[in-house]
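Worksheet for the structure shown next.
The values are calculated or read from the model by the stated rules, or taken from the named source; none is laboratory data. Nothing here was measured: the structure is a model prediction, and the numbers come from that model. Quick reminder, even Gly has a Cβ in these numbers, built from the backbone with ideal geometry, and neighbours come from all protein chains shown.
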Amino acid sequence: MRSTIIFFFILVATFTVSSQTYNYYFGNLHSHTGFSDGSKDSTSSGVNNPVGAYAYAKLSQNFDFLGVSEHNHYSNSNNPGFQKQSFQPGLTMADNANQDGTFLSLFGMEWGVSSTYSGHLIIYGFNQLIGWETSVPTVVGNNYDIFNAKTDYDGIFRKIKNNPNAFCYLAHPGFSDFSSNGNSSSTSLAYGAYNATYDSAIVGTPLRSGLAFSTFTNYNDYPLGDYFSYYKKLLSVGYHLGIGYDHDNHYTTFGRSTAGRLVVLMPSLTRPNLTTAMQQMHFYGSDDWNAKVDFNVSGNIMGSILTSSTDPVFSITHNDMDGELADSIKIWRGINNNTGTFPQIVYTSLNNNTATFNDPLPMIQNMQYYYFAEIKQNDGDWIVTSPIWYTNTSPTPSGIGFEEYNKDFEFNFFPNPVNQNLNISMSDCDEYKISIIDITGRVVTERSFYDNRININLGDVTPGIYTLEIKTKGTAKFKKLIVE
């Protein structure tokens, strides 16, 4: 969705999962007001605190919840300028504005600083301010209720993990951020060793963030960058986290600077349901403000961590209320084997809103794999889901090792478009299976062979857009093919 829509309505769609009905809710958990360094236009907008932010957001289109996450510290006036005596009023303002079933108003904190090896955490679920400052103007005593040193990310993750009502979400993360000791990229989340305590505290990271200082209110000011590579990096380390969407508002634009949304799946619109859904990673990030994506295995939705003795079968449905088609649906697959290997695309469907994927790649017994969906709409809008983690307990075929299951390769083909003979060459001589798949997911032709090149006659294939899929041991690759 890249155009301004006139009518205001809240869109909720449902699907049934294991006798539980889930709804789709659209919003943002990262924003600021005049309590810290937000509300920069308060003189003209009249909005300078969470009361005005919630009232404004309730009138934004396709917007069901707003979290105000003020910076947790002062440093100096307006940079970011938060004082402890504003924290309890912020919680009260959110309570007064909250309307379960209609609109959720939340108040939390953006903890930390953006210096090298540090980083910002969006934290909800605490009724006291966590900080480190001992002397701040107009504050009597310390500028915190709970002490945590500015560079002690190990300590803050442990505090969040030990609070069952809390969760944290990584804000505009960098690869060297969140160092456990505050002084080395080698101990950051992306480059350090996997930590189960940190994993319990962190629920997600954004697909996009911002634009933080946008003053647009026409829903069309999209961020140019993204954090997709960072998401894949943390998954490769072994972290169980989802992917969402941030606005990071510093002006009175709550819900209106961009149509991008954090989309949360929950039974109904209540604060406890939102907390549970975030903790269980039942959410995704979307450039589109009303696209509903169902990504599941046997009814187990995104965020699920599963164990089974059978191979997984994934179902994906993209449903957009504006009638937009998915230009592509991709499924990524990774493995939690402590090697830091990035996930790879194992399935692509073109020009279709639904897909079913039965993973053909062998799985090592008792090894945990993860899968997530990526969707591009025809207008360029981008959607990425949180993963499903899957462990297969059935025995691995004898004589097959992990390396054999995950052999990388490259391939080229010509001509494209093609009307008769398609020539394909691989980087290595090996066993391959080639499939030509139409836009409905149907295999129209298939060949298996042992070589590093092959010629396929496509004279009987109906002209159109297809996916060329090539598989070898543990790896599948896809490219778009046009038949004339």
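Considering every residue within segment 342-362, establish whether at least one is within 26 Å of LEU234 (Cβ to Cβ), loosely packed, with under 15 Cβ neighbours inside 10 Å, under 21 Å from the mean Cα position of the chain (by Cα) and not assigned by TED's automatic domain parsing to the domain that holds GLY238. Yes, segment 342-362 contains at least one residue that is within 26 Å of LEU234 (Cβ to Cβ), loosely packed, with under 15 Cβ neighbours inside 10 Å, under 21 Å from the mean Cα position of the chain (by Cα) and not assigned by TED's automatic domain parsing to the domain that holds GLY238.
Take the residues of segment 257-297 that are surrounded by fewer than 24 Cβ atoms within 10 Å (Cβ to Cβ) and among the basic types (Lys, Arg): which is nearest to THR21 (Cα to Cα)? Out of the qualifying residues, it is LYS292.
The strands (runs of 3 or more DSSP E) found entirely in segment 270-351 that carry 2 or more residues being at pLDDT 90 or above and in contact with a Phe, Trp or Tyr (Cβ under 6 Å, 6 or more places away or on another chain) are 291-297, 305-308, 313-320, 326-335, 344-350.
Could you list all residues from segment 135-168 that are in contact (Cβ under 8 Å) with a residue 12 or more places away in the chain and among the hydroxyl-bearing types (Ser, Thr, Tyr)? If the condition is that a residue be in contact (Cβ under 8 Å) with a residue 12 or more places away in the chain and among the hydroxyl-bearing types (Ser, Thr, Tyr), then THR138, TYR144, THR151, TYR153 are the ones that fit. With respect to (1) closer than 21 Å to GLY204 by Cα; (2) without any contact (Cβ under 8 Å) to a residue 60 or more places away in the chain; (3) in contact with a Ser or Thr (Cβ under 8 Å, 6 or more places away or on another chain), the lone exception for ALA171 is condition (2).
Checked against (1) surrounded by 14 or more Cβ atoms within 10 Å (Cβ to Cβ); (2) touching a Phe, Trp or Tyr at 6+ places or on another chain (Cβ under 8 Å), GLN88 meets all criteria but (2).
Among residues of segment 38-61 that are assigned by TED's automatic domain parsing to the domain that holds SER105, those with a Cβ under 7 angstrom from a residue that is in a helix (DSSP H, G or I) and surrounded by fewer than 18 Cβ atoms within 10 Å (Cβ to Cβ), sequence gap 6+ or separate chain, pair up as ASN48/SER42. Buried (at least 18 other Cβ atoms within 10 Å of the Cβ), over 23 Å from TYR239 (Cα atoms) and in contact (Cβ under 8 Å) with a residue 12 or more places away in the chain: does that describe ASN127? It is false that ASN127 is buried (at least 18 other Cβ atoms within 10 Å of the Cβ), over 23 Å from TYR239 (Cα atoms) and in contact (Cβ under 8 Å) with a residue 12 or more places away in the chain.
Note on segment 5-54: residues that are at pLDDT 95 or above, surrounded by 14 or more Cβ atoms within 10 Å (Cβ to Cβ) and either of a type in the set (Phe, Trp, Tyr) or not in a loop (DSSP other than H, G, I, E, B) (or both) total 15. Would you check which residues across segment 298-327 are surrounded by 19 or more Cβ atoms within 10 Å (Cβ to Cβ) and small (Gly, Ala, Ser) and list them? Passing the criteria: GLY303, SER304, ALA326.
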